[in-house]
1. What is the dipole size for the stretch 601-648, taken about its Cα centre, with +1 at each Lys and Arg Cβ and -1 at each Asp and Glu Cβ, in debye to the nearest 20?
2. Taking Cα centroids, how far is the stretch 107-161 from the stretch 505-559 in Å?
3. Label 7 Å along Cα→Cβ of Glu228; the stretch 279-301 residues with amide nitrogen under 16 Å?
4. Please compute the contact order of the stretch 9-172 in relative form: average sequence separation of alpha-carbon pairs under 8 Å and at least six residues apart, divided by the residue count, as a percent.
5. Of Cys55, His78, Trp150, whose Cα points farthest to the positive end of the dipole of the stretch 9-172 (charges on the beta-carbon: +1 Lys, Arg; -1 Asp, Glu; origin at the Cα centre)?
6. Residue-wise, which Karplus ³J(HN,Hα) couplings in Hz belong to the stretch 615-621, taking 6.51 cos²θ - 1.76 cosθ + 1.60, θ = phi - 60°, and x for glycine or proline?
7. If you place +1 on the Cβ of every Lys and Arg and -1 on the Cβ of every Asp and Glu, how big does the dipole about the Cα centre of the stretch 591-674 come out, in debye to the nearest 20?
8. Using a cut-off of under 14 Å, list every residue of the stretch 377-398 whose amide N is near the label point 7 Å from the Cα of Gln426 along the Cα-to-beta-carbon line.
Amino acid sequence: MKLTKTSNRLINEKSPYLLQHAHNPVDWYPWGDEAFAKAKAEDKPVFLSIGYSTCHWCHVMERESFEDPEVAEILNKHFISVKVDREERPDIDTIYMAVCQAITGHGGWPLTVILTPDKKPFFAGTYFPKQDSRGMPGLIGMLTRITGLWQNEREKLQYTVNDITRVIENNFFTHDRGAITKDTLSRAYNYFENSFDPEYGGFGRAPKFPSPHNLSFLLRYWKMTGREQALEMVEKTLESMYLGGIYDHIGFGFSRYSTDRRWLVPHFEKMLYDNALLAIAYLETYQAAKKEKWAKITRDIFTYVLRDMTSPEGAFYSAEDADSEGVEGKFYVWTPDEIKEVLGTEEGEKFCQQYDITPEGNFEGKSIPNLIRTGYRSGDPLAIKQLFIYRDRRVHPFKDDKILTGWNGLMIAALSLGARVLEEPQYAEAAEKAVSFIMENLRREDGRLLARYRDGEAAYAAYVDDYAFLVWGLIELYQATFKPDWLLLALELNRDMLKYFWDESNGGLFQYGSDAENLISRPKETYDGATPSGNSVAALNLLKLARLTGDSNLEEKSRIQLQVFGGSINEAPMGHSHFLMGAWFDMVPPLEVTLCGDPKSGEMKEMLRVINSDFRPELLLTLKPPGDAGEQISEIVPFTKDRRPMEGRATAYVCTNYACRQPVIGSKQLREIME
């Protein structure tokens, strides 16, 4: 597309975030050789701005500064300006976010970094207002000072560049070896216990993030130790999140985080990854606590995702914005008059009372529906449906419709687990459609995965998270469908992951591949933040695949993976809850169950119900059907080779703690063994 007077180079990009800035007066470049060559040729610093399409403060900074002619004039005259979508380029984001944290002690988006033409940073921050305000330095003043330093004190800046580069290399992307023990898990648990909010659930004070992998870790700690407090903290947190405004009581699904302690006022954007990981946490808690409400909430999450976040071809979109019509939360809030208009006076008043819809409001004069005061109840489905139809006519928040391989992997894992636990085969079918889309559209002819698809274009060599999350999804999908092809694909992609990302010298997995663009650093991430790290998920995948296949190379890699990061994880175990789940899986007695027989028989379905109704995260489940598929499974999972149905009936072979029981027929005997 040709540039016009009202557009810049971002007009040719596919990223919704970059396209949001394509008509700014700032002369933006996408990240690439052209921008850095121009910076070098003109001897200018690079103004790097990183964000994502549903980021509220990114929108604010755009409106205040990047749409402003005065700011644009300074940037265009003295800088080369580069925009990056952090969801397309997590490698760039990881490195320069570490820079921001090193310089300022905190991070966030929008991320603002000033670089030399050879990509080395010397200044970083997050959001800047146009002018100094509220004790915050303004963008214009900051740019003016940096321009002066660049032109008059270059030597001093070079010292800063060298210092920052050294700090990043020596402190942010290095890891100490060590053993992860039960004591490590206990110290993580103690942190969560001490920071738990007994009144409203969650950990610490505001803002509160769901961080579902922390809850999944606590469930495993409960399973290992019998500490009821661990399960109670999980249930209290899951219930409080559901009762609060962070949950969309009208259209379902969870927002990204709560700005307050009570989970009332969310940051209204909805992310695919949060809803995938929360669905897993609710499913596991349903298995552990046997309360139907956890199953219902999970079904509602899937209703939201399959209705609003699924492309016609079956892949999953990335996010929905917090803002509509330029106002945060406008789509989601209500007045009592609106409720009564839809439901009638009597039903409307009842609904308002139940869901805290008041004349004065609980958010900027309007009300976010919530059940904090009234407590859990299933609500009137007809009223919810009527309000949903009414709300659907409002101007919707922007939907980021790009398809990310890694985030799709998380939702594939969630739906696959949902299919097993809730006995809902349509969830597995949805997961299979997403895998098929990725294989057809996000894989090159040579087999290399790509990270992002949008508007007919797949781009960017996939990152370690993409491989690890998708392999996780495929392992779960196999255990939901028992189709050998999904297990074979998991093994194939796992091999590719080791080929492109494994550090042969020191162990562990780099964030970007050996065939990708070489940046100023090659990080290995282990921190389990908004999503688990690729190294954390890969550690557990490697252990599971090693046990299933008996592949000693995978087992060795899994041991190295746990060791190479162990020392660093021992320093801050609470920040590595998903990694600790891998360590937990390695510590507990393994449980392997092979079912032999017709997967469609009533007897087999009863046996599966026995297995899937309890919380058994240590379980590796295989099913050996008659015929070619059974032979195929025997080749992939050698220990199933001599296992067959007895007396022509569904038969279970159960091995625990490296010892196998006598095979059993039927669900009654299986239940006795499993208990």
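1. Here the stretch 601-648 has a charge dipole of around 80 debye.
2. Distance between centres, Cα-based: 34 Å.
3. Hits in the stretch 279-301 for Glu228 at 16 Å: 289-290.
4. 23
5. Toward the positive end, the furthest listed residue is Trp150.
6. 7, 9, x, 7, 6, 10, 10
7. Taking the Cα centre of the stretch 591-674 as origin, the dipole is about 200 debye.
8. Inside the label zone: nothing.
None of the figures in this text is laboratory data; all of them are computed from the coordinates on show. Just so it is clear, the model here is predicted, and its values are computed rather than measured. Here the Cβ is made from the backbone with ideal geometry for all residues, glycine too, and neighbour counts use every protein chain on show.
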